[in-house]
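Worksheet for the structure shown next.
The values are calculated or read from the model by the stated rules, or taken from the named source; none is laboratory data. Everything numeric in this text was worked out from a predicted model, so none of it was measured. Here the Cβ positions follow ideal geometry from the backbone for every residue, glycine too, while neighbour counts run over all protein chains shown. What goes into the accessible areas is simple: the full protein's heavy atoms, side chains included, and nothing from ligands, DNA or RNA. Shrake-Rupley method; radii C 1.70, N 1.55, O 1.52, S 1.80 Å.
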Amino acid sequence: MRSWIVRRVLSTLPLFIGITLVSFAVIRLAPGGPVDAQSEMNPKMTAEARKKMTELYGLDRPLAVQYADWALRVARLDLGRSFTDGRPVTDKIAQALPVTLTVNGLSLALVFAVGVPLGIWGAVHRGAPADRWVTALTLGVLSVPAYWVALLLLSGLGVGLRALPVTGLMSIDHEQMSPAGRIADIAWHLILPVFVSALAGAAVIARFMRASVSDVLAKGYVRAARARGLSEHAVLYRHALRNALLPVITLLGLSLPGLLGGSVLFETVFALPGMGRLFYDAVTARDYPVVMGILVLGALLTLIGNLLADLGYLWADPRIRTAHRERGGS
């Protein structure tokens, strides 16, 4: 198993390099640049000043040289400095990361805590009136744009009823609160963003889980387990559920990049200073170091998510473990 993991990690290195190379080239070749973004609203910007800025940012060099210089810095864990304010990219990411990690982590936990049991319940009670209502509800949630739901809840619960905070993470008097009060204040502000962010994901997981469990319950080995006199609880949770989790494991692995990647939509609607807003602002300003830093983080998390999904398959499906052993762990 250890040798398989090592080979799997080594095989992702060329893919990671390819992703960074394509991303670097696409960003540089897109219309406009950081000099254009900073000078278009400044009538005093002369051609000489634009030339000096281009040389300062190193954009006058060949693209291959720029990529090689950037790659060497990344190999030293240096993502460079922002073109807009000169701050280290790692500092800007470290400032935005806790917000996104908190919101998306709570959202992901809520997605699986609601979606998995709901999908299992729907598969067990397949065709019942309550199951049809739940199916209609999940399809309705998936059919409604998430930003519309966010604006509707903001208008109703935030502005109309004043039951929940509208935007931001903290109240005006946050610094004057006790430590417990500060935690409660942040949690109060996170209710709407976490709920809206988890709504569609829970519906997706419920649909996948319902279909997967229904398919597994129709398998021959499940009927054989029932014929041996096992209880429905044992049949479901001991024999069927592990195999039914394979699609969910895939979705969980693919959810890892989004856990830290942020959401431009939700962070804009709820005015959250997270990774999504940082990425949007960096793209708008053509802040190449920040954009590449976030893309590198996203690519790395995607590859790690795929690796974790493969490990989850080995844990959940004995057929994969058997085939792995027959090939000698390759």
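Roughly speaking, to the nearest percent, how much of region 149-236's 1.4 Å accessible area is carbon and sulfur? The nonpolar share, carbon plus sulfur, comes to 67 percent. Per-residue SASA remark: Ser255, around 40 Å² accessible (1.4 Å probe; ligands, DNA and RNA not included).
Here region 70-132 and region 8-40 have alpha carbon centers that stand 22 Å from each other. Carbon-plus-sulfur accessible fraction, region 61-106 (probe radius 1.4 Å, protein heavy atoms only): 64%.
Convex hull volume of the C-alpha atoms in region 205-274, normalised per residue: 99 Å³. Quick one: go through region 276-317 and flag any residue whose amide nitrogen is under 19 Å from the point 7 Å out along the Cα-to-Cβ line of Leu21. Residues 292-293, 295-297, 299-300, 303 fall inside that zone. Here the ratio of the Cα radius of gyration of region 91-188 to 2.2 N^0.38 Å is 1.44. Only DSSP H runs of four or more residues enter the estimate; each adds -39500 (n - 2.57), and after division by the residues of the chain the mean residue ellipticity at 222 nm equals -24000 deg cm²/dmol. Annotation for region 29-128: GluC sites (Glu not before Pro) lying in DSSP loop with at most 11 further Cβ atoms inside 10 Å of their Cβ are Glu40. Label sites at Arg162 and Arg226, each approximated as a point 7 angstrom past Cα along Cα to Cβ, lie 5.7 nm apart. The heavy atoms of Thr54 offer some 40 square angstrom of accessible surface to a 1.4 angstrom probe. A Förster distance of 51 Å, applied to the separation of the beta-carbon atoms of Leu151 and Leu56, puts the FRET efficiency at 0.75. Applying 1/(1 + (r/R0)^6) with r as the Cβ-Cβ distance of Arg28 and Ala136 and R0 = 41 angstrom yields a FRET efficiency of 0.25. Across the chain, Cα-Cα pairs farther apart than 25 Å form 64% of the total. For the chain, the membrane-span-like helix rule (DSSP H, alpha carbon extent of at least 30 Å along the helix axis, mean Kyte-Doolittle at least 0.0) picks out 2-29, 89-124, 179-217, 288-316; this says nothing about an actual membrane. Which is the longest run of the chain containing none of the trypsin sites (Lys or Arg not before Pro) found in DSSP loop states (not H, G, I, E, B) with at most 15 other C-beta atoms within 10 Å? Formally, the longest exposed-site-free interval is 229-326.
Think of a 1.4 Å ball rolled over the protein heavy atoms: the chain then has 56 Å² of accessible area per residue.
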